[in-house]
1. Mind ranking 165-177, 69-81 by how tightly packed they are, going by the mean number of other C-beta atoms within 10 angstrom, highest first?
2. What are the equivalent ellipsoid semi-axes of the range 78-141, built from the alpha-carbon gyration tensor (square roots of five times its eigenvalues), in whole angstrom, biggest first?
3. Tell me the angle of helix 60-71 to the major Cα principal axis of the chain, expressed in degrees between 0 and 90 and rounded to the nearest ten.
4. Excluding Leu177 itself, what net charge comes from residues whose Cβ is under 14 Å from its Cβ, given Lys and Arg +1 and Asp and Glu -1?
5. Could you give the size of the charge dipole of the range 76-182 about its Cα centre, using +1 on the Cβ of each K and R and -1 on the Cβ of each D and E, expressed in debye and rounded to the nearest 20?
6. Subtract the Cα-Cα distance of Trp162 and Ala99 from 0.36 nm times their separation in residues, and report this length gain in nm to one decimal.
7. Just the number please: accessible area per residue for the range 38-171, 1.4 Å probe, all protein chains included, in Å².
8. Could you calculate the FRET efficiency of Ser75 with Thr146 from 1/(1 + (r/R0)^6), where r is the beta carbon distance between them and R0 is 41 Å, rounded to 0.05?
Amino acid sequence: MGSFLEPRSFVDTCIPPLFGYQPYESGGLGESVGYARYGEGSSNKYPMYANNQVFEAAAFPALLQGLWAASGSGSYARPAIFTQRLAVRPNTWFGVTSAREVTVVWCYLSFVAEWEALFANNPPVRAIIELERSTNSFPNYSTLNTNLSATQINLLANLTAWSVNEAERATGVFSSLFKTAG
């Protein structure tokens, strides 16, 4: 894989540096930059994250593909929850001195059409959801905004709980973390 990665799905700016990639950057006038590795390419976006790599760069495309597939490959029909076994690299910046493997369950909060469909027969709730999506980017509220309304908090809590429950029901993703290998 080259230095640049053009994804189908986009993740928050804090995730790519964990794999040695800079946050996503779109190009100008028809150009697309995508995700570039730190130290490669013309951009050095977010240099404060350059020391944050703890996972192998080769695992980043699998994360993007896994979240894309889990969410319904662009339909956002299902929760974007994806399990990944990752090798942790030594990182003196964070005091990680030895390599090991971890299992990460990525729970990426995004809108889920199956969840919204649950309110098909409840016009008042559906209207609230549509209003929040169009005016406040629900469920992607700014993390700097700590002044969410009770309605916004309840929508986030309900979507999150439903997503976790749905992923567990469908795949056992969370309970499998606590089972011993037999």
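1. Peptide ranking by packing, descending: 69-81, 165-177.
2. Square roots of five times the eigenvalues give 40, 14, 6 Å.
3. The two axes meet at around 10 degrees.
4. Neighbourhood net charge equals 0.
5. 380 debye
6. Taking Trp162 through Ala99 to full extension adds about 19.2 nm, to one decimal.
7. Roughly 59 Å² per residue, with all protein chains present.
8. So the FRET efficiency works out to roughly 0.80.
The values are calculated or read from the model by the stated rules, or taken from the named source; none is laboratory data. Nothing here was measured: the structure is a model prediction, and the numbers come from that model. When we count neighbours, we look across all protein chains shown, and the Cβ atoms used for this are built from the backbone with ideal geometry, even at glycine. In case anyone asks, the SASA skips ligands and DNA or RNA and just uses the protein heavy atoms, side chains included. Shrake-Rupley method; radii C 1.70, N 1.55, O 1.52, S 1.80 Å.
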